[in-house]
Every structure is written in structure tokens, then in C-alpha cells.
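See below for the structure under consideration.
The values are calculated or read from the model by the stated rules, or taken from the named source; none is laboratory data. Nothing here was measured: the structure is a model prediction, and the numbers come from that model. Note that each Cβ is placed from the backbone with ideal geometry, even for glycine, and that neighbours are counted across all protein chains shown.
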Amino acid sequence: MFGIVSRMDIQKGMDIAFNALKTMKKIDFQAVILGTGDPKLEEAAQDLQKLFPEKIKVEARFDAGLARQIYAGTDMLLMPSRYEPCGLAQMIAMRYGCVPIARKVGGLNDTVKQNETGFVFEKPMHMSLVGAIKKALKVFADKEAWKQIQLNGMAQDFSWNASAKEYLKLYLSLVK
């Protein structure tokens, strides 16, 4: 099951995600989409739900409690951002054992490691995302490998303490 918890915005690559899901007719999947924003993208999400009523559920709103349920209850989080200075959803998802499939850009590139903590793709195109999804689904079929990726993600420390230690290491290396 795929989850999307995002602002409905071109920056977040929602059009990429929606087009990817449209092309996956022959793949057995379910998806839940939570977010609000650009009315045209909200309408596109609703159209997607109408096209695949048995596969896709859309909640065009934001609800922090429902977001946590999505992170906890889905297998993979789709994050096809065109640019993402930091990104929080992938870090939250990993903590819950939800494996991110993210575009290799900005903070997503810093936090999601291919076949280690998630899956990444380079081009901001729906078929590039579909390729990453297919790779993730192959690993998902191997329960031990999937469990290891989940555990790797859950073990990540994105706290300020960890960041401060890394900065201190960097500063100390510069003054030597």
C-alpha cells in the first residue's frame, strides 16, 4: 500500500505521482492520498480516485492524526518532489517503518538511501517514479530484505543532538 501525505503542489510533484499511479493499472496496489492545496491538483486526485475506486482513496484535507495512521499503515510513502529543501514526511515515515520512495533531490537525497532506507529516482517524470516503485515492489516481495530496509529507516537519528555532533565533527576537522 502506498501513502502520500503532502501539500497538493507542483513543487511536491503531485502531478508526477498521479500520472505514475494512472499508468499502474496492471499492478496490484492500493494508495491513500492525504493533502490539500492547489485546487487543480485536488481535482486531479479526486479524478484518480474515480478512475480507481477500489485502489485509491483521497482525503483532500490535512489531519495530523490521519497522517500518522497513513505513515503507520502503509508500506511505502511516495515523495516525488521537484525540489525539497529538507522534507519531514520521509523522516516521519521511516520512524513508522514506512519506506519512502523519493526523488533524489535536496533533503530527500540526504535522508533516503537507495536499497538501504528507501528507494530514489532521479528524473522528475512519472515513468522514473514508476521504475522506482517497481524496484521497491521487487524488494517488498522478499520479506527479509524489506524488513531490513524498514529497520534501517527506523534506526535513523534525525534529532538535533545527532546533527549537532556532526557539525561539531566538521568544525573540529576545519580547525586542525
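Table for the structure above
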quantity: Residues located in segment 121-157, provided they are more than 23 Å from Asp28 (Cβ to Cβ) and either of a type in the set (D, E, K, R) or touching a Leu at 6+ places or on another chain (Cβ under 9 Å) (or both); calculated: Glu122, Lys123, Asp157
quantity: Any chance Arg61 is in a loop (DSSP other than H, G, I, E, B) and either modelled with pLDDT under 95 or not small (Gly, Ala, Ser) (or both); calculated: yes
quantity: Segment 5-33: number of residues that are surrounded by 22 or more Cβ atoms within 10 Å (Cβ to Cβ), farther than 18 Å from Tyr71 by Cβ and not hydrophobic (A, V, I, L, M, F, W, C); calculated: 1
quantity: Counted residues, segment 64-77 - those being touching a residue at least 24 places away in the same chain (Cβ under 8 Å) and assigned to a helix (DSSP H, G or I); calculated: 7
quantity: Qualifying residue in segment 73-87 (condition: at pLDDT 95 or above, closer than 14 Å to Ser6 by Cβ and among the β-branched types (Val, Ile, Thr)); calculated: yes
quantity: Segments classed as helices (runs of 4 or more DSSP H), wholly inside segment 78-176, with at least 2 members that are of a type in the set (D, E, K, R) and more than 13 Å from the chain's Cα centre (by Cα); calculated: 126-140, 143-154, 160-175
quantity: Any hit, segment 52-73, residues being hydroxyl-bearing (Ser, Thr, Tyr) and touching a strand residue (DSSP E or B) at 6+ places or on another chain (Cβ under 8 Å); calculated: yes
quantity: Failed criterion for Gln90 (all others in (1) in contact with a helix residue (DSSP H, G or I) (Cβ under 7 Å, 6 or more places away or on another chain); (2) on the phi > 0 side of the Ramachandran plot hold); calculated: (2)
quantity: In segment 2-34, the residues that are modelled with pLDDT of 95 or more and either at positive phi or of a type in the set (Asp, Glu) (or both); calculated: Asp9, Gly13, Asp15
quantity: Failed condition for Leu48, given (1) under 26 Å from Trp146 (Cα atoms); (2) in contact with a helix residue (DSSP H, G or I) (Cβ under 8 Å, 6 or more places away or on another chain); (3) part of a helix (DSSP H, G or I); calculated: (1)
